[in-house]
There are 2 protein chains.
Amino acid sequence: MISTTDRPADQSLPPGSLMAAEIAEQPAAWRRLLTDGAAAGLEAAAALIRERAPRMVLFAARGTSDHAALYAKYLVEIEHGLAAGLVSPSTMTAYDARPDLRDVLMIGVSQSGGSPDLVRSLDVARAGGALTVAVTNNPGSPLAAAAHVHVDVLAGPERAVAATKSYTSQLLALHLLWDRVRGGNGGMAAALPDLGDSLLARDHEVAALAGRYRFAQRMLTTGRGYSYPTAREAALKLMETAYVSAQAFSGADLMHGPLALVEPQVPVFAVVAEGIGGTAMEPVLAGLAERSADVCCVGRPDAVAGAAVGFTLPSGTPEQLSPLLEIIPFQMLARHVAVDRGGDPDAPRGLRKVTETL
Amino acid sequence: MISTTDRPADQSLPPGSLMAAEIAEQPAAWRRLLTDGAAAGLEAAAALIRERAPRMVLFAARGTSDHAALYAKYLVEIEHGLAAGLVSPSTMTAYDARPDLRDVLMIGVSQSGGSPDLVRSLDVARAGGALTVAVTNNPGSPLAAAAHVHVDVLAGPERAVAATKSYTSQLLALHLLWDRVRGGNGGMAAALPDLGDSLLARDHEVAALAGRYRFAQRMLTTGRGYSYPTAREAALKLMETAYVSAQAFSGADLMHGPLALVEPQVPVFAVVAEGIGGTAMEPVLAGLAERSADVCCVGRPDAVAGAAVGFTLPSGTPEQLSPLLEIIPFQMLARHVAVDRGGDPDAPRGLRKVTETL
């Protein structure tokens, strides 16, 4: 069963006001999480993970939160050398699978913490022997109650239907959680809020860029490694606010078929951050150039310089934290394109804030 | 690094001839696998899996083979109660992760068995303690050599760039492998080749349907559970042969954002098979109807009757085998739409048969 909870946007505000405000709140939300880690439950969750020493990590999430889970999957695989996977919740709900999950950690990620299929997945995982952690924006939510331990992303109430601040706060919470599992103190992320502020001050750049995509019906987004979740989330924002058919591919998968879609009339957004993922994008950029693609590059100055248009990200950010910054120009772009087209990204057609799927 | 190996289609044949021939070969390929299971390596692989009794299964694959892997992930989670995941190959190649994979089974799936990143993933997994199985269409391939044991899908040489028969042979090989792990004899699949023949005889129905999509630039595909891989593979076929921006969503994920894309001008293909996945699609169909979607339903007669257009699948097929049949009308549709538009699905622009990503 799928039902929805309505929470209409305030009709008195100009379209996109809520989304703009929540995009702008991100650095402040990150500062909260960086200073109130204990209150957020990060210490308790990290201690439990260290104690149980899981052999494998599964993530359960939907929509935007699924992209935060995908980010954390890369973190766990690369930084912790653990096997990791994204569960298909329907196996434990509709199909009633009862897996043996001893030595497994299951992390449920959800803004609202209200999706019944995720609650059920954590219940089943716990009954099957897994350690369960919920990462939500609502400590009073059913998902928080279902897990052994809850991490609050402390993003504050999110009212726009298109999730923005809750996404980057999920990324940061997941980074800080795993950093603490390794005995870190979160110091690597200290510079992020100021860098976020510097990006927000460049909204006019994105507004100018948005005009270029005013009439685009189709778009492709691509990235590799830690930046692949950014490509996925960017495509979802563009779909749900501007109603563009935006498709995301890992750079490697793009070469396996979807490259046939690339033609100069279909804009491509490539995320090319500093680090290994960005380096691995270089042959993808060459393949796109061979097909005369119109590429907008977000990331490294040299990659931006080689593209039709672009948005340069500040240098020096560790690759595993770059996704918090990378998504911001895409959030701003989705909002501008949506508003330019007469839409209201605070309340996209056909969508509500809490989606309940079983 | 990404490079490609060219294998051009025979210029003397009409466009789509190779693809048509390979679509038509599927029932014969399935019969081969059903009768030559021992020669395919199924017994040896199943015995090794039973002996090692892995606690978790990881799949490594790209493109069409990734959809076969996704199908097997559902099989393993639902029928075997094991935790399962799809690896991001870049973590073990570009990022050089060296995970501890004791008690893990890694299955690499690839038509050619030639993708260097998959070979590397299996090498790393094996060094990390995993049992490794390769499922390919080429027993002499590097991937076959890298694994502890190889399963040959016995599809015969595949020359069209768009994979068709190798996909359903992968599905069948993965089903038969896990059936044997449980002590089965493959009997459940015995009726499939004849059912496949009956679908192939209905190519004229699909040809008529293709006219309806002659000018569609965007499409959505959706399914749940075992039919979700069908939705993914259908979208890839339409993308790589007909250059349509086709996007696949699980029915549940569709409700989390992408539903905003749905409007009467964007055709939706819904896979609604008999069984639990099809039942779980009912609220999704209701949501699509609310948005006045133009739905083409592939599957149950009642669901087809409720849609704008559709293609009825034979009843009585066990749900976990239905994906072999479900994809056939989509393969035929992609070919017809591509040819109608003046393309050549045997050799789509920008693509070659073996894609090598590192």
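Under the classification rounded if a/c is under 1.5, otherwise prolate if a/b is larger than b/c and oblate if not, where does region B:29-78 fall, given a ≥ b ≥ c as square roots of the Cα gyration tensor eigenvalues?
The shape class here is oblate.
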Shape box of chain B [Cα atoms, principal axes, largest first, Å]: 52, 46, 41
Burial order of peptide ranges A:102-109, A:43-50 (average beta-carbon count within 10 Å, highest first): A:102-109, A:43-50
For chain B, built as a Gaussian network whose Cα springs stay under 10 Å, the top-fluctuating residue of B:88, B:17, B:65: B:88
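Taking N as the number of residues in region B:192-340, what is its Cα Rg relative to 2.2 N^0.38 Å?
0.94
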Degrees between helix A:26-35 axis and first principal axis of chain A (Cα, 0 to 90, nearest 10): 30 degrees
Entries of A:165/A:237; A:73/B:165; A:73/A:165; B:73/B:165 with Cα pairs more than 24 Å apart: A:73/B:165
Acute angle (nearest 10 degrees) that the helix A:116-127 long axis makes with the longest principal axis of chain A, alpha-carbon atoms: 40 degrees
7 Å along Cα→Cβ, label-point gaps from residue B:159 to other copies, nm, shortest first: 6.5
Solvent-accessible area buried by pairing A with B, both sides, nearest 100 square angstrom, 1.4 angstrom probe: 5800 Å²
Other copies of residue A:194: label-to-label distances in nm, shortest first, labels 7 Å along the beta-carbon direction: 7.5
Whole-percent carbon and sulfur share, accessible surface of region A:1-153, 1.4 Å: 51 percent
Heavy-atom accessible surface of region A:192-340: percent carbon and sulfur, 1.4 Å: 53 percent
For region B:299-353 and region B:145-202, distance of Cα centres in Å: 17 Å
Label spacing, shortest first and in nm, from residue A:12 to its equivalents in the remaining copies (7 angstrom along Cα→Cβ): 7.9
Other protein chain Cβ atoms within 10 Å, averaged over every residue that makes up A:51-60: 3
Check: region A:17-189 dipole with +1 on Lys, Arg Cβ and -1 on Asp, Glu Cβ, in debye: 140 debye
Region A:228-255-region A:37-84 distance, computed between alpha-carbon centres (Å): 23 Å
Computed magnitude of the charge dipole of region B:200-337 (debye, nearest 20; Cβ of K, R +1, Cβ of D, E -1): 320 debye
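Just to confirm a number: summing +1 for Lys and Arg and -1 for Asp and Glu over residues other than residue A:213 whose beta-carbon lies under 11 angstrom from that of residue A:213, what do you get?
Here the charged neighbours net out to +2.
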Nearest-ten-degree value, helix A:42-52 long axis tilted from longest Cα axis of chain A: 60 degrees
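Across peptide A:258-271, what mean number of C-beta atoms from other chains lies inside 10 Å of a residue's C-beta?
Per residue, the number of nearby Cβ atoms from other chains is 4 on average.
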GNM result for chain A, Cα springs below 10 Å: residue of A:187, A:156, A:278 fluctuating most strongly: A:187
Unit charges at the beta carbon, dipole of the protein assembly as shown: most positive-side option, B:119, B:309, A:298: B:119
Net charge contributed by nearby residues that have their C-beta within less than 12 Å of residue A:282 (K/R +1, D/E -1): +1
Chain A, rotation onto B, residue closest to that axis via Cβ, with its distance in Å: A:85, 1
Interchain or long-range residues, amide H under 5 Å from residue A:266's placed H: A:294
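The values are calculated or read from the model by the stated rules, or taken from the named source; none is laboratory data. Model, not experiment: these values are computed from the prediction. Quick reminder, even Gly has a Cβ in these numbers, built from the backbone with ideal geometry, and neighbours come from all protein chains shown. For accessibility, only protein heavy atoms count, side chains too; no ligands or nucleic acids. Shrake-Rupley method; radii C 1.70, N 1.55, O 1.52, S 1.80 Å.
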